[in-house]
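A short write-up of the structure that comes next.
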Amino acid sequence: MKKTLTTFALLAASHLQPLYAHSGGATLGEDGLNASATGLVRITCFDDGNGEPAKLTMRIIDHSEPVEGLLISAQLYKGLMATNVTDQISGDADYSEGVELSAGPGVYRLILNKTAAGPRRFDVEWHCKTADDIHTGTEIIVDQFQ
Amino acid sequence: MNCLSFKKLALLSISSAVLIATQSVTAHTRLQTPTIDENNARHGSNYNNEVIGHTCKTAAGEALNTIGTVVVFPDGVDSTLTVNGEASSQPLIDFVQNWGSPVQLIQNNDIFESQDEIQTPLGNVVGFWAGGGKGLQHNLTGLIPFRTSGVVIEPTSCARSVTFQIAIADICQVTTDADFSTDALNLWTPAVGSKFQIEDSSGYNSPATLKVNRTIEALPESCGEGVDVVVIPSAAQLNRDMPIVIDGTQIWPAQ
């Protein structure tokens, strides 16, 4: 039976974009059982015309209600360099402190994990920057999310 | 309309008809720029176009407009590889550092009213679709703009090039996958046993390709001349990512 794709227009109008550039949110360990739930991400820093990348900066915010002993952390590494950060207060309006890893252009690894079983709803921000703190090319790939 | 302009129009129509006849046997849907250099800190993304060279022609000879298109890159997760033409069990990450979310769609409604990116369950963008509206007129060529992420070839690998096979569907009539035929669509896909292939069609096992040449780090000395790697999407990935799904409703293929 012949049909056309005119239904596309109506349906697409309600399609929402869930992510914004260089920030994203999800729930780690959504089933509430897996204390070892881990996210694994690659971020590529490249020169998009704004300048050669010198570093990757990152911060994280935990939106879930506070649970004693349950915190979310992020580890960042590239080559032989690494750093990490934890949002020490869940559910407040503040991000963790920002951290940066000055490892130049190329592919960085970001690991997200938490200290105990239980879901953690979070947002993370990541930005590749030049030595003068100018935002430059930033692309992300998610390899694992549990 | 005066006589002269009518003649011009008639000549144009004839020229167009000849062009269509030529295109229908030669113009597979491909990328405008099928070969690019590796890049990371030097250039950034590569801007490109899907080029739809011709629409569909039914067995009865009727030319149909293209009403939708789908483009899917290999996800690099369960993709298969060949190295110098031989099947390889090595994972893609042995050859490319940052493959996983390779494409971004550029908004453009010149041909189709609606468009969006195709995401894997992890949220990586591996392709896009466009459809609806008046579509691509059967005697014209269509360009769908997009850009690809800068590809970083693993510097310790022996890859001198990495070629990604890209599955494309040009849809002229919406049917179920069981009713796929060149009367309804053209499929330019690798023959990996997915639902999205039409045996004996010109697009059978004839995917578009994007070849990335190694241009940043020299090959390790032990590699000699280096190797050419080809990345092929799996049947499972094509069955998952080729359908057009909007807000949980599959629009194509019809169900």
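The values are calculated or read from the model by the stated rules, or taken from the named source; none is laboratory data. All figures in this text were calculated on a predicted structure; none of them were measured in a lab. Please note: Cβ atoms are built from the backbone with ideal geometry, for glycine as well, and neighbour counts cover all protein chains shown. For the accessible areas, the whole protein counts, side chains as well, though only heavy atoms, and no ligand, DNA or RNA atoms are used. Shrake-Rupley method; radii C 1.70, N 1.55, O 1.52, S 1.80 Å.
Scanning region B:80-100 for residues that are open to solvent by 20 Å² or more (accessible area, probe 1.4 Å) and under 18 Å from the mean Cα position of the chain (by Cα) returns a single hit, B:THR80. Taking region B:82-124, which residues are touching a residue at least 60 places away in the same chain (Cβ under 8 Å), in contact with a Phe, Trp or Tyr (Cβ under 7 Å, 6 or more places away or on another chain) and more than 8 Å from chain A (Cβ to nearest Cβ)? Matches in region B:82-124: B:LEU92, B:PRO102, B:ILE118.
Could you tell me which residue of region B:192-230 is surrounded by the fewest Cβ atoms within 10 Å (Cβ to Cβ), considering only residues that are in contact with a helix residue (DSSP H, G or I) (Cβ under 6 Å, 6 or more places away or on another chain) and of a type outside the set (Ser, Thr, Tyr)? If you could, list the steps in order and put the result at the bottom.
Of the residues in region B:192-230, the ones in contact with a helix residue (DSSP H, G or I) (Cβ under 6 Å, 6 or more places away or on another chain) are B:192-196.
In the following step, the residues that additionally are of a type outside the set (Ser, Thr, Tyr) were identified as B:192-193, B:195-196.
Values: B:VAL192: 21, B:GLY193: 11, B:LYS195: 16, B:PHE196: 26.
Among residues in region B:192-230 that are in contact with a helix residue (DSSP H, G or I) (Cβ under 6 Å, 6 or more places away or on another chain) and of a type outside the set (Ser, Thr, Tyr), the one surrounded by the fewest Cβ atoms within 10 Å (Cβ to Cβ) is B:GLY193.
Kindly establish whether A:THR44 is within 24 Å of A:GLN146 (Cα to Cα) and away from chain B (no Cβ under 14 Å).
On the way: within 24 Å of A:GLN146 (Cα to Cα): yes; away from chain B (no Cβ under 14 Å): no.
So A:THR44 fails the test.
Residue count for region B:130-141 satisfying the condition of being in a strand (DSSP E or B), crowded, with 18+ Cβ neighbours inside 10 Å and over 13 Å from the mean Cα position of the chain (by Cα): 5.
Condition (residue is among the charged types (D, E, K, R), away from chain A (no Cβ under 14 Å) and at positive phi) applied to region B:180-195: is it met by at least one residue? No: region B:180-195 contains no residue that is among the charged types (D, E, K, R), away from chain A (no Cβ under 14 Å) and at positive phi.
I'd like the full set of residues that are under 15 Å from B:ASP75 (Cβ atoms) and free of Cβ contacts under 8 Å to residues at least 60 places away in the same chain, limited to region B:219-239. Passing the criteria: B:ALA235, B:ASN239. Any chance region A:81-96 includes a residue that's more than 28 Å from B:VAL152 (Cα to Cα), away from chain B (no Cβ under 14 Å) and among the aliphatic types (A, V, I, L, M)? Within region A:81-96, one or more residues are more than 28 Å from B:VAL152 (Cα to Cα), away from chain B (no Cβ under 14 Å) and among the aliphatic types (A, V, I, L, M).
Here are some residues: B:GLY127, B:GLY150. Which one is under 19 Å from the mean Cα position of the chain (by Cα), part of a loop (DSSP other than H, G, I, E, B) and closer than 22 Å to B:VAL229 by Cβ? Write out each step before concluding.
Working: B:GLY127 fails: part of a loop (DSSP other than H, G, I, E, B).
Every option except B:GLY150 fails the conditions.
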